Amino acid sequence: MNSMDVADREQILRLIEESDAALVAAAAGVSDEGARRRPEAERWSVLECIEHVILVEDGVFDSISVHSTPGAPAVEPRREGQILRGMTNRERKFPAPEHAEPTGRYSSLAEALEEFRKRRARTVAYVEQYQEDPRNRTSLHPVIGPVNCQEMFLVLALHPARHALQIKEARKSLGLE
């Protein structure tokens, strides 16, 4: 196969849509003041979660669109399923890479969500026009290591859903439910 499989493309686009909806719903109704409050000193605020999602979106997008290389990495047949199951499992937490740490770039929740929507529109357009077989391109994931671009598309699609769960945890802890 020389191009992205239709079923794979549809799956990625569906996961993006579901993940986006989860993130927006998790943040709905939170005031800017509430969005800036951290549930604990070492846990991110709602606004910081969304900033992190935007930073990761940019990084993963670049890893696929700019930095991926021809050729498949060593095949790990179970990894796609592990990504599908693991991205929204909050029992296992990972430290964010330094470049994806929130720094207070956005002054309001509305501004951050608007930036997120812009990034996702770019991602959707890219997935819709992607021509190659993503399993025959290699990218580098900061935790997993070398992966194929199909796996990175799954990470890209599901990452906001992971942080939607984190936002729900923060809201509960802060009494913002």
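The values are calculated or read from the model by the stated rules, or taken from the named source; none is laboratory data. None of the values given here were measured: they were computed from a predicted structure. When we count neighbours, we look across all protein chains shown, and the Cβ atoms used for this are built from the backbone with ideal geometry, even at glycine. The area values use the complete protein model at the heavy-atom level, side chains included, leaving out ligands, DNA and RNA. Shrake-Rupley method; radii C 1.70, N 1.55, O 1.52, S 1.80 Å.
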Q. Which number in (1) open to solvent by 60 Å² or more (accessible area, probe 1.4 Å); (2) aromatic (Phe, Trp, Tyr); (3) closer than 21 Å to Arg135 by Cβ marks the one condition that Phe61 misses?
A. (1)
Q) Counting only residues that are of a type in the set (A, V, I, L, M) and either over 15 Å from His159 (Cα atoms) or surrounded by fewer than 10 Cβ atoms within 10 Å (Cβ to Cβ) (or both), how many does segment 89-100 have? A) 0
Q. Which one of these does Ala28 not meet: (1) among the aliphatic types (A, V, I, L, M); (2) open to solvent by less than 50 Å² (accessible area, probe 1.4 Å); (3) out of contact with any Ser or Thr (no Cβ under 8 Å at 6 or more places or on another chain)?
A. (2)
Q: Among the numbered conditions (1) over 25 Å from Ser107 (Cα atoms); (2) out of contact with any His (no Cβ under 8 Å at 6 or more places or on another chain), tell me where Ser63 comes up short.
A: (2)
(Q) Out of everything in segment 66-88 that is over 23 Å from Tyr130 (Cβ atoms) and outside any loop (DSSP other than H, G, I, E, B), what residue ends up being most open to solvent (accessible area, probe 1.4 Å)? (A) Arg85
Q | Considering residues of segment 127-146 that are touching a strand residue (DSSP E or B) at 6+ places or on another chain (Cβ under 8 Å) and more than 28 Å from Ala27 (Cβ to Cβ) only, the residue most open to solvent (accessible area, probe 1.4 Å) | A | Leu140
**Q.** segment 12-65, residues that are free of Cβ contacts under 8 Å to residues at least 60 places away in the same chain, in a helix (DSSP H, G or I), of a type in the set (Asp, Glu) and within 17 Å of Thr103 (Cβ to Cβ)
**A.** Glu48
Q: Report, by residue number, each residue of segment 31-58 that is in contact with a Leu (Cβ under 9 Å, 6 or more places away or on another chain) and open to solvent by 40 Å² or more (accessible area, probe 1.4 Å).
A: Ser31, Asp32, Arg36, Arg37, Arg38
Q: Being charged (D, E, K, R), within 30 Å of Val75 (Cα to Cα) and modelled with pLDDT of 95 or more narrows it down to one of Arg105, Arg120, so name that one.
A: Arg120
Q) Taking interchain pairs and intrachain pairs at least six residues apart, which have beta carbon atoms under 7 angstrom, with the first residue in segment 101-126 and at negative phi and surrounded by fewer than 18 Cβ atoms within 10 Å (Cβ to Cβ) and the second of a type in the set (Val, Ile, Thr) and not in a helix (DSSP H, G or I)? A) none
